[in-house]
Amino acid sequence: MKETRFNIDENRIKRRIMLNNRVRDLFSVVIVLVMAILLVLLYRIGKDSIGWLDLQFLTSNLSIFPEKAGIKGAIIGSLYMMLVVIPITLILGVATAIYLEEYANDGKVQRFIKINISNLASVPSVIFGLLGLTFFSRMLNLGSSILAGGLTMSLLVLPIVVVAAQEALKAVPSFLREASYGMGADKWTTIWRVILPVALPGILTGAILAMSRAIGETAPLVALGIPTLLMRIPNSLMDNFTVLPIQIYYWTLDSVLTREYTFLAAATIVVLLVTLFILNSIAIVIRNKFQKTF
Amino acid sequence: MKDNNMDIVYDVKGLNLWYGDNQALKDINMKIEKNKITAIIGPSGCGKSTFVKTLNRMIENVDGVRTSGEILYYGDDIFTNKLKVEELRTRVGMVFQKPNPFPKSIYENVVYGPKIHGIKDKKLLMKITEESLRGAALWDEVKDRLNENAYSLSGGQQQRLCIARSMAVNPEVILMDEPTSALDPVATMKIEELMEDLKKDYTVVIVTHNMQQAARISDKTAFFLNGELIEFDVTSKIFGTPKDQRTEDYITGRFG
Ligand SMILES: Nc1ncnc2c1ncn2[C@@H]1O[C@H](COP(=O)(O)OP(=O)(O)OP(=O)(O)O)[C@@H](O)[C@H]1O
Ligand SMILES: [Mg+2]
């Protein structure tokens, strides 16, 4: 029989419920505040873009006349850059994660590498820009081409993809590996036929989030010296280019001189935000759709 | 009983196993016979799972495991590389305690093994599927839904699917680690009924906590205690006239 007993203080329970309610109110206020700031920002940008964001804006080249200026070049530049970033980060990122999670022994070296990949994910992006400038632009003589920009951006988001893929691989239940090994499957067969299919939604979610980071990032490209004004539309990986966030950056800088640039920048921001919003929604849909097997 | 070599599937000689510094199996000597059902019983933590997982070297996936001694599989030591571990596990199938189908269709689960062995012929794969599912007494329940996800099956059906999956590669031995412990009595009975049929084609080693189950289905029973093989004999002897006091204490429920 249990000997120690204590009386239950009903006032204490009431006090705890009170405290719980107060804490909940506090957090509600905070979230409302944050949302309000966000809404104000969105509202001002949306308002500024009205009248400027139209089909003509999306399909025209840059122009010295604000009314005629468009972001076709920046859109194509962003697309081209992603053409470099997506295959490089997916292939290198997933391969690295597979090696680290499935093949590498848990030795000191491997643990050192794992920790530092996570660290790399939090290095300021301008540092990657400087690395890209030194290595891709100068040493490999790629200048400020799409290839140089894409490679630099790949370096920046690679750690994110690696970490996301590692988490996705780790989340595959061990009983599935056991089942496969128990059937006489070797490691690669198990990875290819069992582990990767289960981990794929997680990997894709992480990869899409990494891609939206790459689309929105400015600093590393500024460090590479991506040109301000670019009248020509790029048509090969070795051409110079500009991207949406850079376009926003320079228009905002110059808005002191030419007031209309504020509106052009706002309209570009809306385009970029909508793109990112769509990408993130896709990531969420993938995650919800596939992650209920177990 | 004659000791003809072809009748001995496994000959375990002086097997020791350590998890780090902790010895889990101590000097096990045991011969497992062909087309018999061998039951492994003993209290929790005595090394039953460790022992069966050693028989197909699955135990090596655990970090820090060391073994000494020999396990001869039809005369070949499984710890030397004469027999590749992939080949051993193809010839020795395993059914786990918790049903572990792949998150694929029922059909894809069954043909997983044949496919990794390079079989592509659709007709042949379908034939294998039907035979294996019939062998696991599951065919009639799933024949109209082979393309449904395996996780839409009940726990007992999932376990029989796992049995079918391991049968699809024509193993010689099937190892089962408490295959019915996660199942209800009806599902358990279905699997027990299966056993009689299984031993015509396979050698079965089954770990069980359920003494009645061991007595009902097995030909020989091994009693483990604290990592040692205390007694190994014909099932009726173990449950009727055990030689060792500890065996008797265990089967009469005095401990464990
Ligand atoms: N992965 C592991 N790492 C370290 N020690 C382990 C591991 N697995 C089992 N052991 C130890 O080995 C001994 C035997 O364990 P085992 O799982 O083989 O017992 P069991 O007879 O199957 O028990 P149960 O009936 O509860 O399943 C136990 O003392 C256990 O603590
Ligand atoms: Mg066990």
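The values are calculated or read from the model by the stated rules, or taken from the named source; none is laboratory data. No experiment lies behind these values; they were computed from the predicted model shown. Ideal geometry is used to build each Cβ from the backbone, glycine not excepted, and the neighbour counts take in all protein chains shown. With ligands, DNA and RNA removed, areas are computed over all heavy atoms of the protein, side chains included. Shrake-Rupley method; radii C 1.70, N 1.55, O 1.52, S 1.80 Å.
A few remarks follow.
- Note that chain B shows a convex hull volume over its alpha carbon atoms of 130 Å³ per residue.
- Helix screen, chain A: DSSP H segments with Cα axial length of 24 Å or more and mean Kyte-Doolittle hydropathy at least 0.5 are A:10-49, A:72-98, A:146-170, A:196-216, A:260-290.
- Charges were assigned to the Cβ only: +1 to each Lys and Arg, -1 to each Asp and Glu. The resulting dipole of chain B about its Cα centre is roughly 480 debye.
- Computed over region B:1-142, the ratio Rg/Rh where both radii use C-alpha atoms and Rh is Kirkwood: 1.01
- In the frame of its principal axes, region A:44-108 has Cα extents of 61, 26, 18 Å, reported largest first.
- Using the Cβ-Cβ distance between A:ILE284 and B:ASP121 with R0 set to 41 Å, the FRET efficiency from 1/(1 + (r/R0)^6) comes to roughly 0.50.
- Beta-bridge orientation, the protein assembly as shown: approximately 60 percent antiparallel, per DSSP, counting only bridges with both partners inside.
- Normalised by 2.2 N^0.38 Å, where N is the number of residues, the alpha-carbon radius of gyration of region A:9-85 equals 2.14.
- Among beta bridges that DSSP assigns inside region B:141-256, antiparallel share in %, nearest 5: 55 percent
- Counting, for every residue in B:97-106, the Cβ atoms of other protein chains within 10 Å of its Cβ and taking the mean gives 4.
- Exposure ranking of B:THR208, A:THR189 by accessible area [1.4 Å probe, largest first]: A:THR189, B:THR208
- By the Cα gyration tensor, region B:2-62 has an equivalent ellipsoid whose semi-axes, rounded to whole angstrom, run 23, 12, 11 from largest to smallest.
- For the protein assembly as shown, convex hull volume per residue from C-alpha positions, Å³: 249 Å³
- If you plug the beta carbon distance of B:LYS26 and A:LYS108 into 1/(1 + (r/R0)^6) with R0 = 25 Å, you get a FRET efficiency near 0.15.
- Chain B: relative contact order in percent, alpha carbon pairs under 8 Å with at least 6 residues between: 27 percent
- Placing one equal scatterer on every Cα of chain A and applying the Debye formula, the log10 ratio I(q)/I(0) at q = 0.09, 0.11 Å⁻¹ is -0.62, -0.82.
- Within region A:212-251: backbone nitrogen closer than 18 Å to the A:LEU273 label point (7 Å, Cα to C-beta): A:212-213, A:215-218, A:244-251
- Only lysine pairs 8 or more places apart or on separate chains count here, and in chain A those with Cα atoms under 22 Å apart total 8.
- Taken along the Cα-to-beta-carbon direction at a fixed 7 Å, the label points for B:LYS84 and A:LEU130 span 5.1 nm.
- Two-site label geometry, B:ASP76 and A:ALA171: point separation in nm, points 7 Å out along Cα→Cβ: 4.1 nm
- FRET efficiency, A:LEU140 to A:PHE65 (Cβ-Cβ, R0 35 Å, nearest 0.05): 0.40
- Residue pairs, from the table B:LYS143/B:LYS190; B:LYS13/B:LYS82; B:LYS34/B:LYS104; B:LYS143/B:LYS199; B:LYS82/B:LYS127, whose Cα atoms sit over 27 Å apart: B:LYS34/B:LYS104; B:LYS82/B:LYS127
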